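A quick write-up on the structure given underneath.
Read the figures in this text as sums done on the coordinates, not as results from a lab. These figures come from a predicted structure and were not determined experimentally. As a convention, Cβ positions derive from the backbone with ideal geometry for all residues, glycine included, and neighbour counts pool all protein chains shown.
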Amino acid sequence: MTGSPKEQLISLLGNDAVLPEEDLAPYAVDGLEPDAVVRPIDRQGISQVLKWACSEGMSVIPRGGGTQLNLGNVPDKVDLVLDLSRYGSRSPDHRPADLTATVDSGITLGVLQQALARHGQFLPLEAPLAASATIGGLLAANTSGPMRYSYGLPRDWLIGIGVVSAQGVETNAGGQVVKNVSGYDLNKLYAGSLGTLGVIVEATFKLSPVPPESRVLAATFPSLLPGMQASDSLLQQVFAPQGLQVIDGHAARQGATVNANLRGMGTANDTRGAVVLAFFAGRNRAIRRRMDDATKLLREQGALDIAGLDGSEGTGLLETLTDLGWSGESIPYLGLKLSLPPSAVVKLVNQLTDPATTSDEQDPIDLEPLSLGVVADPGFGLVRLLWWAQGADDGQSPADGRIAATISRVRDLSRRLGGSTVVEHCPLSVKKGIDVWGETTETIDIMRRIKEKFDPARVLNPGRFVGGI
């Protein structure tokens, strides 16, 4: 094939699928602007692009809705962005009687949920900015939300997958029925691989009926630690909620996270306070009984104020919690995600809020003038630490060395508690000098061999995954 790369792509896909040069800047990844952006509408186009890129030695960055495109290391190079946002116009193959659905990877989570809701079903997954987040991107990043304690992760609901390899070859794994046990479970291999092994083009999920009702119990506490301790106690009860989040005052005040209902609740506006949010779903009588029991326990644990939110209010609160740290107004200057054994979450919060309990010579969260917000999921064992540059001029931002040292100290603390830390957000100048996924483990050699087998030419997302894979 002759001509410039752009001319070759146009001959493959047509002129309307290849963006003009003046439209490429928004597709930059970590400051690296691509040489070309293509927007295929079908699998044949996706396959042709990947086959061409592999033969030309070009790198390809798969892109869905672009909601979490900054997740991952700085790529080695960005030659071509494969925008899959137009690949999702086909209606979901929904089988209500089987509680399954097969969809194109370019469909957004929001559109899919609307289609499933017409039959009283839903996909029990969450993702920031669900109206823009595509199913393929959700799977590649293994994204979850505040209800992960009950819902689990995307790979837990995935029963079949279609993938186009770096060489342009389409393969399928799993099936369209829940009871499918033949062959290797490649679903779990692709989910969470950040598009480094193949481009997801189709996914089949098992589904769940929409709960008859849902409500939220919001309780305020004078500080984060007693809120965490009360949450830990609540999760051990038979009336435990399906989801539970604990946010401190800084996180509660950030952006649109606190709706009108929480603004009237005392310490919800106090940066020293904390809010415990318990999410319940099920039948009306069962929810009321569980909420009554939970209210009693939280009051005994020192809650200052407790309020119940109905379904619509709770849905709005759930969405803003899911978007926190990813929506435009709430993106932090520095954001860390800590994955821990659930039993270690209270210990972590205790050491973060009381430096005297840690052996570090320096407080690991001291990044003034940035303000730290804490969002904890004690049932699942996940804690997000978010530093916002509220009220700080650009010239007052912490030096890169301080930020890198803080990341290192938080990682040390997390490691001592049996966990790991991923850097979700940080200045690009810091990102270039670290591995955002943390230290490599003994499994890195296996991961590198898998990458070599699936993508020997390092076409897909080179350098962005663990250990620079």
> Binned at 20 Å from 0, what are the whole-percent values of the Cα-Cα distance distribution for the chain, short to long?
Replying inline: 24, 55, 21, 1
> At what distance in nm do the modelled label points of Ser150 and Lys6 sit from each other, each positioned 7 Å from its Cα along Cα→Cβ?
Replying inline: 5.2 nm
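Calculated from DSSP H runs of 4 or more alone, at -39500 (n - 2.57) each and per residue, what is the 222 nm mean residue ellipticity of the chain, nearest 500?
So the calculated ellipticity at 222 nm is -8500 deg cm²/dmol.
How high is the FRET efficiency from Lys296 to Leu235, r the C-beta distance, R0 22 Å, rounded to 0.05?
Between Lys296 and Leu235 the formula returns 0.90.
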>> Just to be sure I understand the model, the point goes 7 Å from the Cα along the line to the Cβ. What's the resulting Asp185 to Ala286 distance in nm?
In response: 2.6 nm
> Placing +1 at every Lys and Arg Cβ and -1 at every Asp and Glu Cβ, with all other atoms neutral, what dipole size does the chain have around its Cα centre, in debye to the nearest 20?
Replying inline: 1480 debye
> Can you work out the FRET efficiency for the pair Asp42 and Ala399, with r the C-beta to C-beta distance and R0 = 56 Å, to the nearest 0.05?
Replying inline: 0.70
>> With +1 on the Cβ of every Lys and Arg and -1 on the Cβ of every Asp and Glu, and nothing else charged, how large is the dipole of the stretch 93-209 about its Cα centre, in debye rounded to the nearest 20?
In response: 240 debye
> How far is the Cα center of the stretch 290-332 from the Cα center of the stretch 141-170, in Å?
Replying inline: 27 Å
>> Suppose each label sits 7 Å from its Cα in the direction of the beta carbon; what would the Glu21-Arg448 distance come out to in nanometres?
In response: 3.9 nm
> Near the amide H of Leu334, under 5 Å away, which other amide H atoms are found, from residues 5 or more places off or on another chain, if H is placed in the peptide plane?
Replying inline: Trp387
> So what is the relative contact order of the stretch 93-209, in percent, for Cα pairs below 8 Å that sit 6 or more residues apart?
Replying inline: 34 percent
>> Could you give each residue of the stretch 291-301 its phi-based ³J(HN,Hα) in whole Hz, using Karplus coefficients 6.51, -1.76, 1.60 with θ = phi - 60°, and x for Gly or Pro?
In response: 5, 4, 5, 5, 4, 4, 5, 5, 5, 5, 8
> Between Lys432 and Glu33, what FRET efficiency follows from the Cβ-Cβ distance if R0 is 22 Å, with the result rounded to 0.05?
Replying inline: 0.85
> What's the tally of Lys pairs in the chain whose alpha-carbon atoms lie under 24 angstrom apart, where the two lysines are 8 or more places apart or on different chains?
Replying inline: 20
> Longest segment of the chain with no GluC sites (Glu not before Pro) in a DSSP loop having at most 14 other Cβ atoms within 10 Å?
Replying inline: 1-360
> What ³J(HN,Hα) values, in whole Hz, does the Karplus curve 6.51 cos²θ - 1.76 cosθ + 1.60 give for the stretch 16-26 when θ = phi - 60°, with x put for Gly and Pro?
Replying inline: 6, 8, 10, 6, x, 4, 5, 9, 7, 3, x
